[in-house]
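So the structure is just underneath, and the comments pick up after that.
The values are calculated or read from the model by the stated rules, or taken from the named source; none is laboratory data. These numbers come from a predicted model, not from an experiment. Here Cβ is always computed from backbone atoms with ideal geometry, including for glycine, and neighbour counts include all displayed protein chains.
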Amino acid sequence: MPSGRTHDRITLWTLPVLAGVTLAIARNSAITLIICAGFLFGGLMFGPDLDVLSVHYRRWGWLRWIWIPYRGSVKHRSVWSHGPVIGTTVRVIYLSVWLTALGLLGLTLVNEVLRVGLTWEGVGRSLQQAFQQYTVEWLWFCLGLELGALSHYAADWGISTRKRHKTEGWKALFPVKAKTSKRKSSTQRSPTRRR
């Protein structure tokens, strides 16, 4: 598999291509910027390798502890971490749960220490308004996140296939599952003959 540095290079080398293609299709610099920001975050910080001790994991600095339960519960290269769309969705939901918990804790502390009159309902309404007002922008950002993860999956698949190709030849491109032979079970009876 490619190293973390190789994945970083792929992300940074493909960023100008993504920006050019996005700008040519969307003809909108704001959309291009949002997708590219999601792509960079998805490729450098939020990639599929957060389930192992990786460059992505280390980049979270003192916040990396929030990924420890994720690492313990998601098997590396499973559909839950490396599955297109599914892997990114799982990571977004996981991070959203942490952001919500930390936000609620922060709101409680601010209200207790500074005696600010923030309420759960007020903050919830503000967040709901922001998500409703910027729904399209959030979707573009999520598309960028998924494209960043897809560059990771493609690199993993390409390198794995190349290594298999060296040993197996062209069959490596289309791996076939080995056929299992069916054995007669000891509980199966052979047909009885009539006498």
_Quick check on this structure: which one of ALA155, ALA172 is modelled with pLDDT under 70 and surrounded by 10 or more Cβ atoms within 10 Å (Cβ to Cβ)?_
ALA172
*Return only the number of the condition from (1) surrounded by 13 or more Cβ atoms within 10 Å (Cβ to Cβ); (2) under 17 Å from ILE93 (Cα atoms); (3) out of contact with any His (no Cβ under 8 Å at 6 or more places or on another chain) that LEU23 does not satisfy.*
(2)
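Test VAL79 against the criterion of being of a type in the set (Val, Ile, Thr) and over 18 Å from ALA154 (Cα atoms), and give yes or no. Before you say what the answer is, go through the steps one by one.
Numbers: of a type in the set (Val, Ile, Thr): yes; over 18 Å from ALA154 (Cα atoms): no.
The answer is no for VAL79.
Residue by residue through the range 64-122, note down the ones that are among the charged types (D, E, K, R) and more than 18 Å from the chain's Cα centre (by Cα). Explain how you work it out, then say what you get.
Let us first name the residues in the range 64-122 that are among the charged types (D, E, K, R), namely 64, 71, 75, 77, 91, 112, 115, 121.
Within the range 64-122, GLU112, ARG115, GLU121 qualify.
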*Taking the range 9-50 only, how many residues are under 15 Å from the mean Cα position of the chain (by Cα), free of Cβ contacts under 8 Å to residues at least 60 places away in the same chain and either on the phi > 0 side of the Ramachandran plot or in a helix (DSSP H, G or I) (or both)?*
1
*Go through (1) within 24 Å of the chain's Cα centre (by Cα); (2) surrounded by 11 or more Cβ atoms within 10 Å (Cβ to Cβ); (3) assigned to a helix (DSSP H, G or I) one by one and return the number of the condition VAL136 breaks.*
(2)
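Can you say whether LEU40 is closer than 20 Å to ALA154 by Cα, at pLDDT 85 or above and of a type in the set (A, V, I, L, M, F, W, C), as far as the supplied structure shows?
Values: closer than 20 Å to ALA154 by Cα: yes; at pLDDT 85 or above: yes; of a type in the set (A, V, I, L, M, F, W, C): yes.
Yes: the conditions hold for LEU40.
Looking at TRP120, is it within 28 Å of VAL90 (Cα to Cα), modelled with pLDDT of 70 or more and in contact with a Leu (Cβ under 8 Å, 6 or more places away or on another chain)? Step through it out loud before you land on a result.
Numbers: within 28 Å of VAL90 (Cα to Cα): yes; modelled with pLDDT of 70 or more: yes; in contact with a Leu (Cβ under 8 Å, 6 or more places away or on another chain): yes.
Answer is yes for this residue.
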